[in-house]
Amino acid sequence: MSNVKKVIKEGAIQIGSGGSAGFVEVCIMHPLDLVKTRLQLSSKFLSKNDPKYYNGIVDCFGKMYKQEGLFSFWKGIVPPILAETPKRAVKFFTFEQYKQFFLFGSPTPTPLTFSLAGFGAGVTEAIFVNPFEVVKVTLQTNKSKSAEMPSTWAMTRLIINENGFGLRGLNKGLTATIARNSVFNMVYFGFYHSVKGYLPELENPYHEFFRKCGIGFVSGSLASCINIPFDVAKSRIQGPQPVIGQIKYKSTFRSISIVYKEEGFTALYKGLLPKVLRLGPGGAIMLVVYDYAHSYLTEAFA
């Protein structure tokens with residue numbers, strides 16, 4: 001087989017494996033992503049009787065179930081499904097390409113190589129996925145019952161008609177998404193591949209499965225803890241503004257500064273628990289599904 005065919009085949013395998021990983025992860029973990037967004041948009045200035053006020057994960061799940069119904073936990077899932085399959089394909093494919101670029105003459109990848117490749121993959125992923133994030137957050141913050149919710153396409157048209165495709169419309173919060181995704185993937189890939197290389201592979205397939213799951217869980221959890229201030233800023237920018245007609249949260253660092261000054265340091269970590277509960281196991285699911293899908297497709301097309 002020629003080198004060109006090998007490159008094309010490997011690229012197709014990376015894209016297929018990454019897409020599979022994204023689809024499986026989002027279907028399982030979406031309710032926690034929704035709760036994370038609701039908590040991040042819950043300001044301390046809200047009254048405890050306000051339906052927008054949530055006192056933690058259990059309270060949020062309970063209020064949503066009572067007020068909006070069971071299927072409210074999957075509000076806004078269509079944009080992630082549409083985005084996550086190609087998004088994860090882009091993430092894993094570009095990670096492999098950046099990894100070759102950042103070898104810096106070394107015969108094998110180093111922890112720095114993995115981290116820089118993850119950072120680059122995060123930037124690329126964020127640019128691709130941000131419009132889907134804007135629609136998702138808008139749907140997730142809608143308090144209507146599921147049956148009364150506008151469709152994904154209707155919400156997308158509404159955003160475009162009102163504010164267009166730019167930084168006030170479908171690409172609102174782009175820099176915050178880039179900051180969030182690049183930092184997350186830098187830690188996520190850097191930690192996972194570095195630690196996986198240091199810990200010996202296990203012969204027992206079940207033990208090896210749990211070894212990968214454990215490293216993936218720690219990778220996703222650690223990355224979530226480090227990048228969450230950017231995630232809070234992104235939710236504030238893309239979500240409904242506190243006062244209708246006034247844009248309070250504009251740029252990434254300005255939004256972080258406002259939240260810190262008005263609500264304190266801990267407000268920058270709102271939604272951390274559901275984020276970790278989602279991206280800890282979610283991170284493990286993605287990396288393990290990717291590894292096994294990659295091995296399966298490699299054998300299938302050998």
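Checking 25, 10 one by one, the residue that is closer than 27 Å to residue 237 by Cβ, at pLDDT 80 or above and surrounded by 14 or more Cβ atoms within 10 Å (Cβ to Cβ) is 25 and no other. Among the residues making up the stretch 183-206, those that are under 15 Å from the mean Cα position of the chain (by Cα) and either crowded, with 21+ Cβ neighbours inside 10 Å or under 19 Å from residue 135 (Cα atoms) (or both) are 184, 185, 186, 187, 188, 189. Contact map, the stretch 256-277: first residue under 16 Å from residue 242 (Cα atoms), second residue among the small types (Gly, Ala, Ser) and at pLDDT below 90, Cβ cut-off under 8 Å, separation 6 or more or different chains; pairs are 263/43.
A Cβ distance below 7 Å, combined with a sequence gap of six or more or placement on separate chains, defines the contacts here; from the stretch 206-228, residues that are touching a residue at least 12 places away in the same chain (Cβ under 8 Å) and of a type in the set (Lys, Arg) reach residues that are outside any helix (DSSP H, G or I) and surrounded by fewer than 20 Cβ atoms within 10 Å (Cβ to Cβ) in the pairs 211/199; 211/202.
Residue-wise test of (1) in contact (Cβ under 8 Å) with a residue 40 or more places away in the chain; (2) of a type outside the set (A, V, I, L, M, F, W, C); (3) in a helix (DSSP H, G or I).
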position: 31; (1), (2), (3): yes, yes, yes
position: 34; (1), (2), (3): yes, no, yes
position: 39; (1), (2), (3): yes, no, yes
position: 58; (1), (2), (3): no, no, yes
position: 84; (1), (2), (3): yes, yes, yes
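Inspect all residues belonging to the stretch 142-154 and state whether any of them is aliphatic (A, V, I, L, M), modelled with pLDDT of 80 or more and either surrounded by 13 or more Cβ atoms within 10 Å (Cβ to Cβ) or touching a helix residue (DSSP H, G or I) at 6+ places or on another chain (Cβ under 8 Å) (or both). Looking for residues that are aliphatic (A, V, I, L, M), modelled with pLDDT of 80 or more and either surrounded by 13 or more Cβ atoms within 10 Å (Cβ to Cβ) or touching a helix residue (DSSP H, G or I) at 6+ places or on another chain (Cβ under 8 Å) (or both), one finds none in the stretch 142-154, hence no. Can you name the residue in the stretch 157-188 that is in a helix (DSSP H, G or I) and without any contact (Cβ under 8 Å) to a residue 40 or more places away in the chain and is also nearest to residue 239 (Cα to Cα) among such residues? My answer is 159.
Screening 119, 132, 128, 114 for residues that are aromatic (Phe, Trp, Tyr), buried (at least 20 other Cβ atoms within 10 Å of the Cβ), at pLDDT below 90 and assigned to a helix (DSSP H, G or I) leaves exactly one candidate, 132. Of everything in the stretch 159-182 that is among the charged types (D, E, K, R) and surrounded by fewer than 20 Cβ atoms within 10 Å (Cβ to Cβ), the residue that is nearest to residue 219 (Cα to Cα) is 168. Residues in the stretch 82-111 that are of a type in the set (Val, Ile, Thr) and surrounded by 18 or more Cβ atoms within 10 Å (Cβ to Cβ): 85, 90, 94.
The residue of the stretch 242-269 that is modelled with the highest pLDDT, among those that are outside any helix (DSSP H, G or I) and β-branched (Val, Ile, Thr), is 247.
What tally of residues in the stretch 104-130 results from selecting those that are more than 15 Å from residue 189 (Cα to Cα) and out of contact with any Lys or Arg (no Cβ under 9 Å at 6 or more places or on another chain)? Result for the stretch 104-130: 6.
The values are calculated or read from the model by the stated rules, or taken from the named source; none is laboratory data. Computed from a predicted model, the values in this text were never measured in an experiment. Backbone-built Cβ (ideal geometry, glycine too); neighbour counts: all protein chains shown.
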